[in-house]
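Here is the structure we will look at, set down as structure tokens.
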Amino acid sequence: MKMKKWAMGFGVVLTGIMVVGCGKAEPAATDSGNGAKEEESKKIAYTTMTLESPYFVEVSEGIQEKCSELGWECTVQDPKMDVASQLAAIETYIDQDYDGIIISAVDPAALTDIVKEASEQGIMVIGSSTDIENTQAFVSAGEYEMGYTLGTAIGEWAEEHLDGDLKGVTFGTINDQNVMIREQGMREGAEEAYTKGSITFLNEVGTLGGVTAEEGMANMEGIMQSNPDINLVMGSNDDSILGAYEAAKSAGMDLDQLAFGGVNAVEQALETIKEEKDSGEGAYRATVDITPHLHGVRDVEVMQELFEGKTFDEQVIIEAKAVTVDNIDAYF
């Protein structure tokens with residue numbers, strides 16, 4: 001696969017974008033019931049967490065692509081990790097009679113009431129990557145499975161290359177119970193895969209907040225001061241861990257004793273693993289591919305099924321798989 005280059009270091013991917021519209025294709029033809037075909041479109045909105053994350057950029061692109069294919073109108077909103085902005089956007093979509101809303105929640109607990117309001121007005125609401133009460137469907141890779149897949153890959157690397165007791169840390173999103181489950185999976189996967197000693201995690205309970213590269217850098221700088229012998233650094237997304245990795249390299253940490261890994265398989269993470277495989281140097285050991293573009297496509301497919309009357313009592317699972325030096329060439 002030919003990889004695109006993100007126009008970023010560890011900073012903003014898209015700036016100054018609040019709401020964008022998808023290009024409209026020809027509306028899909030539907031059966032009117034008497035054998036005749038009539039044109040029908042839907043108005044869909046996607047409010048993400050932040051378009052500073054390459055992962056959510058790819059999800060939004062998948063949503064827009066599928067909406068365009070179906071002839072649906074589509075709006076993408078970037079709240080920039082501000083729950084008040086996300087709430088205001090959803091209120092606008094309710095007032096403007098959108099047919100469906102897809103939400104990657106900044107704070108799922110804060111959206112319960114407004115999602116209920118939308119649902120009571122007949123709007124289909126999907127939780128994308130985040131589970132929110134009162135939605136009609138939840139589409140995501142399994143939170144625990146994502147973390148466990150990453151933790152296992154990092155633990156297997158440690159089993160092969162390190163000895164004795166180790167120190168680790170996980171980064172996540174503050175107040176997001178789903179991500180905390182993902183972090184639990186990371187810790188348990190690593191602990192099960194590593195048999196040469198114990199792993200002490202600096203945050204056995206709770207989470208160390210880190211979503212953006214900048215947060216990852218800041219977190220790692222603090223960790224290195226108090227725990228210069230850290231070995232395993234894992235996070236709920238690649239962006240924060242790529243930032244942490246840059247901080248470790250800048251500080252001259254011994255990369256042979258370190259393993260970094262995140263979730264989402266963003267292009268920068270894939271390129272880093274590929275470059276380090278080719279050079280034989282580096283410490284970005286793994287990412288987890290949950291196919292964000294296809295995730296966005298699947299969000300819209302589920303929305304289409306909801307409009308057709310299907311119900312989803314269980315989570316719609318997006319498969320997670322580890323990407324390491326062993327299979328990285330398949331991505332290029």
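Search segment 273-301 for residues being more than 11 Å from the chain's Cα centre (by Cα) and part of a loop (DSSP other than H, G, I, E, B), and hand back the single one that is surrounded by the fewest Cβ atoms within 10 Å (Cβ to Cβ).
Gly280
Looking only at segment 92-101, count how many residues are outside any loop (DSSP other than H, G, I, E, B) and either acidic (Asp, Glu) or within 14 Å of the chain's Cα centre (by Cα) (or both).
1
Please pick out the residue among Ala247, Ala269 that is of a type in the set (Gly, Ala, Ser), under 25 Å from Ser129 (Cα atoms) and either part of a loop (DSSP other than H, G, I, E, B) or touching a residue at least 24 places away in the same chain (Cβ under 8 Å) (or both).
Values: Ala247 fails: under 25 Å from Ser129 (Cα atoms).
Only one candidate passes the filter, namely Ala269.
Quick check: anything in segment 38-53 open to solvent by 10 Å² or more (accessible area, probe 1.4 Å), at pLDDT below 95 and of a type in the set (Ser, Thr, Tyr)?
So far as segment 38-53 goes, yes, one or more of its residues are open to solvent by 10 Å² or more (accessible area, probe 1.4 Å), at pLDDT below 95 and of a type in the set (Ser, Thr, Tyr).
Looking at the structure I just gave you, is Glu246 at pLDDT 95 or above, under 21 Å from Glu156 (Cβ atoms) and not small (Gly, Ala, Ser)?
Here the answer is no, as Glu246 does not meet what is asked.
If we keep just the residues of segment 310-326 that are over 17 Å from Val139 (Cα atoms) and over 21 Å from the mean Cα position of the chain (by Cα), which is surrounded by the most Cβ atoms within 10 Å (Cβ to Cβ)?
Val325
Leu258: open to solvent by 40 Å² or more (accessible area, probe 1.4 Å) and either among the β-branched types (Val, Ile, Thr) or under 23 Å from Tyr148 (Cβ atoms) (or both), yes or no? Even if it seems obvious, please write down each step before you answer.
Working: open to solvent by 40 Å² or more (accessible area, probe 1.4 Å): no; either among the β-branched types (Val, Ile, Thr) or under 23 Å from Tyr148 (Cβ atoms) (or both): yes.
The answer is no for Leu258.
Restricting to segment 113-135, name every residue that is assigned to a helix (DSSP H, G or I) and closer than 26 Å to Ile290 by Cα.
Val115 - this is the single residue of segment 113-135 that is assigned to a helix (DSSP H, G or I) and closer than 26 Å to Ile290 by Cα.
Has segment 211-229 got at least one residue that is in contact with a helix residue (DSSP H, G or I) (Cβ under 6 Å, 6 or more places away or on another chain), without any contact (Cβ under 8 Å) to a residue 40 or more places away in the chain and not acidic (Asp, Glu)?
Yes, segment 211-229 contains at least one residue that is in contact with a helix residue (DSSP H, G or I) (Cβ under 6 Å, 6 or more places away or on another chain), without any contact (Cβ under 8 Å) to a residue 40 or more places away in the chain and not acidic (Asp, Glu).
Regarding Phe56, is this residue surrounded by 15 or more Cβ atoms within 10 Å (Cβ to Cβ), at pLDDT below 95 and over 15 Å from the mean Cα position of the chain (by Cα)? Give the derivation first.
Values: surrounded by 15 or more Cβ atoms within 10 Å (Cβ to Cβ): yes; at pLDDT below 95: yes; over 15 Å from the mean Cα position of the chain (by Cα): no.
Against the criterion (surrounded by 15 or more Cβ atoms within 10 Å (Cβ to Cβ), at pLDDT below 95 and over 15 Å from the mean Cα position of the chain (by Cα)), Phe56 does not qualify.
The values are calculated or read from the model by the stated rules, or taken from the named source; none is laboratory data. Being a predicted model, the structure only gives us computed values, none of them experimental. A quick note on method: Cβ atoms are made from the backbone with ideal geometry, for glycine too, and the neighbour counts reach across all protein chains shown. Heads up: the accessible areas ignore ligands, DNA and RNA and are worked out on the full protein's heavy atoms, side chains in. Shrake-Rupley method; radii C 1.70, N 1.55, O 1.52, S 1.80 Å.
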